[in-house]
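Colleague: Shown below is the structure under consideration.
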Amino acid sequence: MKKFIYAAILALTLGAFASCTGTSLGAEPVIDEKNGTINGKKYDNVNYACWQFDYSYNETCTDGEEGESDSGTAFYWTTEFGAESIKAEFDWSHNWSAYAYGHGCKCEGSSALKKTNHTQLECSNP
């Protein structure tokens, strides 16, 4: 009987929590490795180059909780498709908002790609 009461209380509690929460995350990018497409757009998936990836994001919360920020540059020896996939995943995963019981947080991020003329060796240590 105790297990039943515990389960009922747990179910009611979880139901109450679920009704007061919300998240917003855009559509996940559709990355088709076989065809070299992202959201239906075709990219070169054969020729390798050194890609410079610049990124930044800022996470803030409404209750004064300390958020997180970062920015930087990374280099990848990959195809155009590989570089665009990295950018699409970053942009998707660093632009969101969430809310639960008066506590809200959001993350705003941006990124940019630039093809460089670095060799493969230079790309790993520019």
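What follows draws every value from the coordinates through simple rules; no lab data is involved. Keep in mind that this is a model prediction, so the values were computed, not measured. Don't worry about glycine lacking a Cβ; one is built from the backbone with ideal geometry, like all the others, and counts go over all protein chains shown.
Colleague: Residues with amide H under 5 Å of Gly67's amide H, sequence separation 5 or more or different chain, H placed in the peptide plane at 1.01 Å from N; which?
Modeller: Excluding prolines and chain starts, which carry no amide H, the hits are Cys61.
Colleague: Pull up all non-local amide H partners of His118: gap of 5 or more, or a different chain, and H-to-H distance under 5 Å with H placed in the peptide plane.
Modeller: Amide H to amide H, under 5 Å and 5 or more residues apart or across chains, His118 pairs with Cys50.
Colleague: Gly104's amide H: which non-local residues (gap 5+, or another chain) put their own amide H closer than 5 Å, with H modeled 1.01 Å from N in plane and none for Pro or chain starts?
Modeller: For Gly104, the qualifying residues are Thr62, Asp63.
Colleague: Which ³J(HN,Hα) values in Hz, rounded to whole numbers, follow from the phi angles of region 71-76 under the Karplus curve 6.51 cos²θ - 1.76 cosθ + 1.60, where θ = phi - 60° and Gly and Pro get x?
Modeller: For region 71-76, the Karplus-derived couplings read 7, x, 9, 10, 10, 10 Hz, x marking Gly and Pro.
Colleague: Another question, then. Using a/c under 1.5 as the rounded threshold, could you call region 85-126 rounded, prolate or oblate? The axes a ≥ b ≥ c are square roots of the C-alpha gyration tensor eigenvalues, and prolate needs a/b larger than b/c, oblate otherwise.
Modeller: Working: a/c = 4.79, a/b = 3.77, b/c = 1.27.
It is prolate, given that a/c is not under 1.5 and a/b is the larger ratio.
Colleague: Counting Lys and Arg as +1 and Asp and Glu as -1, what is the net charge of the other residues whose Cβ lies under 14 Å from the Cβ of Lys114? All intermediate terms of the calculation are to be shown ahead of the outcome.
Modeller: Details: positive: Lys87, Lys115; negative: Asp54, Glu80, Glu84.
With Lys, Arg at +1 and Asp, Glu at -1, the net is -1.
Colleague: Using 0.36 nm per residue of separation minus the Cα-Cα distance, give me the extension gain between Leu113 and Ala27 in nm, one decimal. Show your work: numbers first, answer last.
Modeller: Values: separation 86, 0.36 × 86 = 30.96 nm, distance 2.08 nm.
Using 0.36 nm per residue and subtracting the Cα-Cα distance, I get 28.9 nm.
Colleague: Whole-Hz Karplus ³J(HN,Hα) for region 33-45, in order, using 6.51 cos²θ - 1.76 cosθ + 1.60 and θ = phi - 60°, x for Gly and Pro?
Modeller: 5, 4, 9, x, 10, 10, 6, x, 8, 7, 10, 4, 10
Colleague: So what is the relative contact order for region 23-124, in percent, with contacts set as C-alpha pairs under 8 Å and at least six apart?
Modeller: Details: 207 pairs, mean separation 36.6, N = 102.
Answer for region 23-124 is 36 percent.
Colleague: Most exposed first by the Cβ proxy, i.e. fewest other Cβ within 10 Å, how do Cys61, Cys50 rank? Mind showing how you got there, number by number?
Modeller: Values: Cys61 14, Cys50 21.
Arranged by neighbour count, lowest to highest, Cys61, Cys50 become Cys61, Cys50.
Colleague: Between Ser56 and Gln120, what's the calculated FRET efficiency when r is the beta-carbon distance and R0 is 25 Å? Round to 0.05. Kindly include the intermediate steps, with their values, before the conclusion.
Modeller: Working: r = 27 Å, r/R0 = 1.06.
Computed FRET efficiency for Ser56 and Gln120: 0.40.
Colleague: May I pose another question? Is region 23-124 rounded, prolate or oblate when judged by the Cα gyration tensor, a ≥ b ≥ c being the square roots of its eigenvalues, rounded requiring a/c under 1.5 and prolate requiring a/b larger than b/c?
Modeller: Working: a/c = 4.64, a/b = 1.77, b/c = 2.63.
Oblate shape, in that a/c is at least 1.5 and b/c is the bigger or equal ratio.
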